[in-house]
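**Q** My structure is below; once you've seen it, I'll send some questions.
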Amino acid sequence: MRGSSLLADKIVTGKRVDIKFLVAAVLLMGLGAVTLYSLNGASAVRMLKGDMAFWSYQLIVMLVSLFALIVISIINLDYVRKCLPFIVVVTLILCVLTIIPGIGIEKKGARRWFGIRKVFEFQPSEMVKLVIVLFLSNLFAKKYNRLDDLSVSVIPATIMTSFFILLIYLQRDFSTAIIIMLVALVLFFFSGIKKRWFLILFCFILPTVILVVFTEPYRVRRIISFLNPALDPYGANYQLNAAKRAIASGGFWGKGFGGVIKGPAIPEVLSDFIFAGWAVEMGFLGVLLYFVILIWFSIRGYIIAFRCTDRFRSFVALGAVSAILFQSVMNCGVVCGFLPSTGIPLPFFSSGGSSLLVSMSLCGLIINVSRMNTSQGSLYE
């Protein structure tokens, strides 16, 4: 009992941890768990089948993810830096395994998983978000005094980031590749490299993304459907139109927990389109509450990053917050019709073990950084 008490004090003591960030993170995790439980029960009733097997699995995932958050929040990140080459190699191997026939698991034309189907499935592209934050943070902090030397800073960072993005692209996980690209650009921007190199990098990335979009017919259809929502209402636009109808049915107050049963059916309501289910049950007020908490979470996370006196840890917090924020905004934008349709989970809400595990681990990194003494000022002052 004494050991667990000391552990709790170490994690949540107000002297070391940003309590406001911790509260925001707990609120997001709690709302996500409650929403998933409610929507899963409603979906089970609609489909006339039990839901305990799903919820039992998800509960195990939540406990494992919470354990990962606690461990990462108290571990010495200097030790993680020493193990980083091994972590990067393992992640690269796992990404390669997904595209090998017989090992990778294919779903809906994408090879993003490996493991035993319906027993244990892991998505390495989610792990890349965590690894790319650690890798770039370590590189830019380590080579800070040599950032003008492209051969030791910009070029290695660009090569490794591009290689990870290529592997994820081969898995047909375009949305995750975009998230990783955005996080990398944020770290490049704040690393201290000359802005002309950042602009050159951006000018190279933009046409590459456009080219990649138009290499797959289904992505072209999604772009066309986004520009013309009335086109193909029972095909490419079916999910989006169903989500919009569901969100509208929630009204101002929402239908309450379980209310999704009374509304229009929402495809993928437990995964990519879970935000639509939240809007049905909680209404406009619930949507507003979610964005208030997300903004609060992000602001506190960026404050932790910019106040940290250690360059590596500052970059880590910056990248971790950006990864969660960008993914959350992209998911909500897709569900509400502000962005072209793409398959990406909502952090802390969507079902699936890989996404929740990585999101909680990213939170653990931010909490870890917040435990540092920030009384000496900021690197950015």
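Each value in this text was obtained by applying a stated rule to the coordinates, not by laboratory testing. Note that this is a predicted model, so its numbers are computed, not measured. Cβ sites come from the backbone with ideal geometry, for glycine too, and all protein chains shown count toward neighbours.
**Q** Per q in 0.09, 0.11, 0.12 Å⁻¹, report the Debye log10 I(q)/I(0) for the stretch 2-370, using one uniform scatterer on each alpha carbon and no solvent.
**A** Debye intensities relative to I(0), on a log10 scale: -0.52, -0.80, -0.95.
**Q** Taking the highest mean first, how do the peptides 350-359, 248-257 order by number of other beta carbon atoms within 10 angstrom per residue? Spell out each step's value before the answer.
**A** Working: 350-359: 23.0, 248-257: 15.3.
Answer by packing, highest mean first, reads 350-359, 248-257.
**Q** Shifting gears a bit: Expected output is a single nm value to one decimal: the length gained when fully extending between C83 and Y57, i.e. 0.36 nm times separation in residues minus the C-alpha distance. What is it? Walk me through the numbers on the way to the answer.
**A** Details: separation 26, 0.36 × 26 = 9.36 nm, distance 3.04 nm.
Additional length available on full extension: 6.3 nm.
**Q** Could the peptides 199-209, 304-314, 19-29 be put in order, highest first, of the mean number of other beta-carbon atoms found within 10 Å of their residues?
**A** Details: 199-209: 12.5, 304-314: 21.0, 19-29: 19.1.
Listed from highest to lowest mean packing, they are 304-314, 19-29, 199-209.
**Q** How would you rank 295-301, 219-225, highest first, on the average number of other Cβ atoms within 10 Å across their residues? Present the calculation step by step, with values, prior to reporting the outcome.
**A** Working: 295-301: 19.9, 219-225: 16.7.
The packing order, highest mean first, is 295-301, 219-225.
**Q** Treating only the Cβ atoms of Lys and Arg (+1) and Asp and Glu (-1) as charged, compute the dipole magnitude of the stretch 2-370 about its Cα centre; round to the nearest 20 debye.
**A** Details: 34 positive and 16 negative charges, 78 e Å.
The calculated dipole for the stretch 2-370 is roughly 380 debye.
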